[in-house]
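Working notes, beginning with the structure itself.
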Amino acid sequence: MFIQKLFKPLSYTNETPLMTSQTTGGSEIRTLRCEVDRLHMIVEALWSFIQELTGYSDNELIQRITEIDLRDGKLDGKSAPKEKSTVFCHECNRPLSKNKPVCIYCGTSVSIDPF
Ligand SMILES: [Zn+2]
């Protein structure tokens, strides 16, 4: 299926195991594979909804993925890591904590970057 091609992780095939050790790393890899499989299934479901609702084609999705991939100037199958600059509260101007929905100093609600 189309989405499976997009989601085949680079270091996730049987030919090139993430770790050669079959000790504790093996179960961790199996857990990660299960999580990746589940995410793959969810993305596939979401993509099917989007296609039904919008009519976007697989080629349009590929084009968008390529655009995102090229944001850092490299077509390497990865998105560019975002610059993690300090964000300040718009009320008290103190630095905001990452992943907290409110300012820890004054309690003002803040939006969290979903990515
Ligand atoms: Zn604040």
So, first residue part of a helix (DSSP H, G or I) in the stretch 60-81, second residue hydrophobic (A, V, I, L, M, F, W, C), Cβ within less than 6 Å, six or more apart or across chains; the pairs are ASP69/LEU75; ARG71/ALA80; ASP72/ALA80
From the list THR54, THR20, which one is modelled with pLDDT under 95 and loosely packed, with under 10 Cβ neighbours inside 10 Å?
THR20
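The values are calculated or read from the model by the stated rules, or taken from the named source; none is laboratory data. None of the values given here were measured: they were computed from a predicted structure. In this analysis, Cβ positions are derived from the backbone assuming ideal geometry, glycine residues included, and neighbour counts consider all displayed protein chains.
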